[in-house]
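Below: the structure, in structure tokens.
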Amino acid sequence: MEKREREVPAAEFVRACVNVEKFSACCRNCRNYSKTWSCPPFRFDPADVWGNYDTLLLQMRMLTVPGELREQVFSAEALGRAAAEFLRAEKEAMLLELLGLEKAFPGSMALSAGSCQVCPEGTCTRQTQEPCRNPNLMRYSIEALGGDVGKALELFFDKQLVWGRDGRMPEYYILLGGLLKKPNKPVQAKEMGYRVW
């Protein structure tokens, strides 16, 4: 596994990689849209979040898919499940590391790598309009807040996202998470609706 990080000014990241309108539209095609508290639509404008922070510490983890997994042929649905299972442990470890950094930098906010997987799939309380069971662990992803992960990987890590084809996993998967740091002004908790950061 390759692990790297890079800190960039939040304003630079926004100029280069954030397009809330575009990625909100992409999110509408995802099976998690409006079904988990970490996914759009939100009761706040994701564009407003970025302006509350000075810097963004990006964390990238690239995991090589073993040959035996790359040789298997999956249905489209099974491929998604197999990829999620392959990434699960590293994604959880990354979230815990980012949450540790969040505690170390008061006023910061961790950004998870991809959609929330704290609760078993299909059990998020958003579907019953109850509060999140795990607000201490649930975090938004870069994509959910309108960030272009593919562009960020190219600009800041010289890496490209690759996709599986013909029912096979790609050579590698990349996780990208982050930590928004040093708020310029206090965030109004009531504006967020779901959790205070």
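The conditions are (1) more than 21 Å from Met62 (Cβ to Cβ); (2) assigned to a loop (DSSP other than H, G, I, E, B); (3) open to solvent by 20 Å² or more (accessible area, probe 1.4 Å), and Leu145 fails exactly one of them. Which is it?
Leu145 satisfies every listed condition except (3).
Would you pick out the residues in region 27-50 that are open to solvent by less than 70 Å² (accessible area, probe 1.4 Å) and either free of Cβ contacts under 8 Å to residues at least 40 places away in the same chain or of a type in the set (A, V, I, L, M, F, W, C) (or both)? Before the answer, list the steps.
Let us first name the residues in region 27-50 that are open to solvent by less than 70 Å² (accessible area, probe 1.4 Å), namely 27, 30, 32-34, 36-42, 44, 46-47, 49-50.
Hits for region 27-50 are Cys27, Cys30, Tyr33, Trp37, Cys39, Pro41, Phe42, Phe44, Ala47, Val49, Trp50.
Is it the case that region 150-172 has a residue that's part of a strand (DSSP E or B) and buried (at least 19 other Cβ atoms within 10 Å of the Cβ)?
Checked region 150-172: no residue is part of a strand (DSSP E or B) and buried (at least 19 other Cβ atoms within 10 Å of the Cβ).
Kindly list the number of the only condition in (1) assigned to a helix (DSSP H, G or I); (2) open to solvent by less than 40 Å² (accessible area, probe 1.4 Å); (3) under 28 Å from Glu7 (Cβ atoms); (4) among the hydrophobic types (A, V, I, L, M, F, W, C) that fails for Ala78.
Condition not satisfied by Ala78: (3).
For the subset of region 20-75 comprising residues that are assigned to a loop (DSSP other than H, G, I, E, B) and of a type in the set (Gly, Ala, Ser), which member is nearest to Glu143 (Cα to Cα)?
Ser38
Do you know which of the residues in region 95-137 that are among the acidic types (Asp, Glu) and assigned to a loop (DSSP other than H, G, I, E, B) is nearest to Val49 (Cα to Cα)?
Glu130
Can you run down the residue pairs with Cβ atoms below 8 Å, 6 or more apart or on separate chains, where the first is in region 132-159 and closer than 15 Å to Ala16 by Cβ and the partner is part of a helix (DSSP H, G or I) and charged (D, E, K, R)?
Partner pairs satisfying both residue conditions: Gly146/Glu21; Gly146/Lys22; Asp148/Lys22.
The values are calculated or read from the model by the stated rules, or taken from the named source; none is laboratory data. Please read these numbers as outputs of a predicted model, since none were measured by experiment. When we count neighbours, we look across all protein chains shown, and the Cβ atoms used for this are built from the backbone with ideal geometry, even at glycine. The area values use the complete protein model at the heavy-atom level, side chains included, leaving out ligands, DNA and RNA. Shrake-Rupley method; radii C 1.70, N 1.55, O 1.52, S 1.80 Å.
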